[in-house]
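Here's the structure, in structure tokens; my notes come after.
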Amino acid sequence: MLNEHLGYISDPVRLERFRVAIANAIRQGDRVADVGCGSGILGLLCLREGANFVYAIDSSAMIEVARESLVRAGMGNKASFIREQSEQVNLPEAVDVVICDHVGYFGFDYGIVQFIEDARRRFLKPGGTLIPAQIKLQLAAVESDKCRNMAEGWRADGVPAEFHWLCHHRVNSKHAVNLQREELLGVPAELGGIDFRDNNPDFFPGM
């Protein structure tokens, strides 16, 4: 679990996108709900930009990492740490901002649509801010030795032939990889988008 969240925090592109969005959205005195807060990094960034209070919500043991990290940052008194699924939480007040980092590998596969839709309906003040507010889904063909090695890992040198059959399962699994521009074989095609400010169906057309 710590390795997964280290990946989130150490990804400079991902973190900078959230940092810019937070800087543009947060106003002095805002109260924030961080849904699926994980390590607490997004709540910390909100507080540093002037938010007055953060409700940090996470159902995993990472809530204790968030608590300790904000205490060490001197901001533990500006947050409430709630270990629970966000759909089971009732906040004592409406908030100005809802933020959620559950974008998964393909924008919506880690439950962000359901999490934000519920939080928008139950936590957010009318006219409040969602981060992210929308997601664009893109698809591109790729040629990459790094990707090929990941997909064909069960056929790698040193793996006994009796286990090569598992490659069939691995090539149909999700793999996180940072690509270089030259590894894309063409311009990404936009499949569609999800606007979290609107009600979204359970099934996304075309998926």
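The values are calculated or read from the model by the stated rules, or taken from the named source; none is laboratory data. Everything quoted here is computed from the prediction, not taken from an experiment. Counting neighbours? That spans all protein chains shown, and the Cβs are built from the backbone with ideal geometry, glycine included.
The single residue among GLU190, GLU183 that is in contact with a strand residue (DSSP E or B) (Cβ under 6 Å, 6 or more places away or on another chain), surrounded by 12 or more Cβ atoms within 10 Å (Cβ to Cβ) and of a type in the set (D, E, K, R) turns out to be GLU183. If a residue has to be among the basic types (Lys, Arg) and more than 30 Å from ARG17 (Cβ to Cβ) to count, how many in segment 135-173 make the cut? Counting residues in segment 135-173 that are among the basic types (Lys, Arg) and more than 30 Å from ARG17 (Cβ to Cβ) gives 1. Per this entry, ASN77 is counted among residues that are assigned to a helix (DSSP H, G or I) and more than 11 Å from VAL35 (Cα to Cα). Out of segment 162-201, which residues are among the basic types (Lys, Arg) and more than 30 Å from ASP118 (Cβ to Cβ)? Passing the criteria: ARG170, ARG181. Of the residues making up segment 137-161, those that are surrounded by fewer than 12 Cβ atoms within 10 Å (Cβ to Cβ) and closer than 30 Å to VAL54 by Cα number 0. Of the helices (runs of 4 or more DSSP H) lying entirely inside segment 106-186, those containing at least 2 residues that are at pLDDT 90 or above, more than 23 Å from TYR8 (Cα to Cα) and out of contact with any Leu (no Cβ under 8 Å at 6 or more places or on another chain) span 112-122.
Does at least one position in segment 144-164 carry a residue that is touching a helix residue (DSSP H, G or I) at 6+ places or on another chain (Cβ under 8 Å) and closer than 30 Å to VAL95 by Cβ? No, segment 144-164 contains no residue that is touching a helix residue (DSSP H, G or I) at 6+ places or on another chain (Cβ under 8 Å) and closer than 30 Å to VAL95 by Cβ. Scanning segment 1-55 for residues being in a helix (DSSP H, G or I), of a type in the set (Gly, Ala, Ser) and either touching a Pro at 6+ places or on another chain (Cβ under 9 Å) or in contact (Cβ under 8 Å) with a residue 40 or more places away in the chain (or both) gives a total of 4.
The listed residues are VAL54, VAL13, VAL71, and the only one of them that is surrounded by 15 or more Cβ atoms within 10 Å (Cβ to Cβ), of a type in the set (Val, Ile, Thr) and in the same structural domain as ARG120 (by TED's automatic domain parsing) turns out to be VAL54. Within segment 134-170, the set of residues being among the small types (Gly, Ala, Ser) and over 30 Å from LEU191 (Cα atoms) comprises ALA156, GLY158, ALA161. Kindly indicate whether any position in segment 86-103 is touching a helix residue (DSSP H, G or I) at 6+ places or on another chain (Cβ under 7 Å), at pLDDT below 90, under 19 Å from LEU179 (Cβ atoms) and surrounded by 12 or more Cβ atoms within 10 Å (Cβ to Cβ). Scanning segment 86-103, I find at least one residue that is touching a helix residue (DSSP H, G or I) at 6+ places or on another chain (Cβ under 7 Å), at pLDDT below 90, under 19 Å from LEU179 (Cβ atoms) and surrounded by 12 or more Cβ atoms within 10 Å (Cβ to Cβ), so the answer is yes.
Among the listed residues GLU93, GLU87, which satisfies the condition of being closer than 22 Å to GLY40 by Cβ and in a loop (DSSP other than H, G, I, E, B)? Just one listed residue meets the conditions, GLU93.
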